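Taking it in order: structure first as structure tokens, then the write-up.
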Amino acid sequence: MACAVLVALVPAGCGLPDLADLPLPGGAPQGAGYTVTAEFSDVLDLVPQAAVKVDDVTVGSVERISLAGWTARATLRLDADVRLPANATAAVRQSSLLGEKYVTVAAPPTGASGDRLAEGDVIPLSRTARGAEVEEVLAALGLLLNGGGLAQLRTINRELGAALDGREPAVRDALGRLDEFIGGLDRQKADLVRALDALDRLSARLHRQKTVLGEAVDSLAPGLTVLARQRAQLTGALTALGKLGTVGTRVVDRSRDDTLADLKALRPILEQLARAGDDLPKSLDFMLSYPFPPNVTGAIVGDFVNLSVTADLDSASILANLVAAAPAPARPVAPPRTGATAPKPGGPATGPSPGAGPLPQLPLTRCLPDPEDFPATWTPPRDCLLPEGCVLLRPGSPVPVGGLILPKGVVPPGTALPAGTELPAGTVMSAQCVLPVTGAVTGRIGDLPDILGGGLRP
């Protein structure tokens, strides 16, 4: 009868539909589209021509399924109008409890990429998933119902309630502390990861040096053997050391008063040494060249030595020292005057004639620098009658060759400045300020009446 109906329809002009006009199975795009590949750990019973859906709308189909190692690769044909981010996800779903399998493609829940999914892209295994099979659900339910632990759950619940009964505050406090502990670990996650990475690097380095470490451990064996043999001697030495410490403590305690007395007796000596300052090393330096001063090498010329003598011929001072029981106060010493030339070997000393008048005094107010504003290098004026090149350097300056440093700030004899002149401590004199030992006569020439009259007069 069906053939009759078919024969009856043919003459009526109702022909069979063209297969090209029918939609492709699975909802494959009839026009332009693009192909992507999705990797799955298990595609279940997914078959080619299965539907590909986006938001439950069929937008393509599965072209083929292949296997690469232990990973299934499904080639998906999508309609050209489907726009998905490049980091889209894919999953194998089931239309109903006993329905067919299909692939759903969707954008990630967060962090969607700005690029689009395009021809030839691959959705890796990390962005794919599959749904649970009915068989798996029934198997798990059967395991739970058939001796899967339901009877034990009641026992566990009862024992847990008995254990927590009356201890709710302690348990709550423990949970709070556990929460704080886990929170601290979470905040230090980066530090923990860095520590684990450092430990990994250390372990790798130790592994590379395993041979060296083994040799080092093997080398320790003889030393440990010797220590083990000498254990009794070491123990005896430590015991004797303990006894020595006890005896030493007793000796120190008994000699404490004597030690303190000795230190107190040494105090005056140390104070005098401290007051001596640099005079003691200078005296030791003088002893090396006794009876001549340390700079005598500059005064030795051939087979003779030039000497300089300063005579104080003040009659009042002389008579006071010779006659009076108590010496009279000495008059201030006049500053050195350069009024005579140095005698040549074999010739008499010459000097200014009597009555020539006194030499000009050294103007100290203008010939000394201001201590409050000491320049780096101070050059006295020409009318100070100081040797040419005689300059004073600020304290702390390097001492030139042949120069002199004044540690106490007092000018000693033998310089161009009057002895006893006070300068800032540490002032440095140039070599030109130190008078050479040349045998020059410093003073005035006069007769006995001039001496008895109180000094040399013009």
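The values are calculated or read from the model by the stated rules, or taken from the named source; none is laboratory data. None of the values given here were measured: they were computed from a predicted structure. Because the Cβ atoms are built from the backbone with ideal geometry, glycine has one as well, and the counts that use them run over all protein chains shown.
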- Given (1) surrounded by fewer than 11 Cβ atoms within 10 Å (Cβ to Cβ); (2) under 30 Å from THR71 (Cα atoms); (3) among the aliphatic types (A, V, I, L, M), index of the condition ALA139 fails: (1)
- Message: Being modelled with pLDDT of 90 or more and either surrounded by 18 or more Cβ atoms within 10 Å (Cβ to Cβ) or out of contact with any strand residue (DSSP E or B) (no Cβ under 9 Å at 6 or more places or on another chain) (or both) is the filter here; which residues of the stretch 108-120 pass it?
- Response: LEU117
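Conditions tested, residue by residue: (1) modelled with pLDDT under 80; (2) in contact with a Cys (Cβ under 7 Å, 6 or more places away or on another chain); (3) surrounded by 15 or more Cβ atoms within 10 Å (Cβ to Cβ).
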residue	(1), (2), (3)
GLY409	yes, no, no
GLY414	yes, no, yes
LEU423	no, no, yes
MET429	no, no, yes
VAL434	no, no, yes
GLY439	yes, no, yes
THR442	yes, no, yes
ASP447	yes, no, no
- Complete set of residues in the stretch 410-433 that are in a loop (DSSP other than H, G, I, E, B), over 42 Å from the mean Cα position of the chain (by Cα) and under 13 Å from PRO369 (Cα atoms): LEU417, THR421, LEU423
- Query: When the stretch 54-92 is examined, which residues are found to be out of contact with any Leu (no Cβ under 9 Å at 6 or more places or on another chain), part of a strand (DSSP E or B) and surrounded by fewer than 18 Cβ atoms within 10 Å (Cβ to Cβ)?
  - Reply: VAL57, THR58, ARG64, SER66, LEU67, ALA68, THR75, ALA91
- Message: Among the residues of the stretch 123-143, are any free of Cβ contacts under 8 Å to residues at least 12 places away in the same chain and of a type in the set (Val, Ile, Thr)?
- Response: yes
- For the stretch 376-398, how many residues meet the condition of being modelled with pLDDT under 80, assigned to a loop (DSSP other than H, G, I, E, B), of a type in the set (Ser, Thr, Tyr) and under 11 Å from THR427 (Cα atoms)? 0
- Among (1) modelled with pLDDT under 90; (2) assigned to a strand (DSSP E or B), GLU159 falls short only on (2)
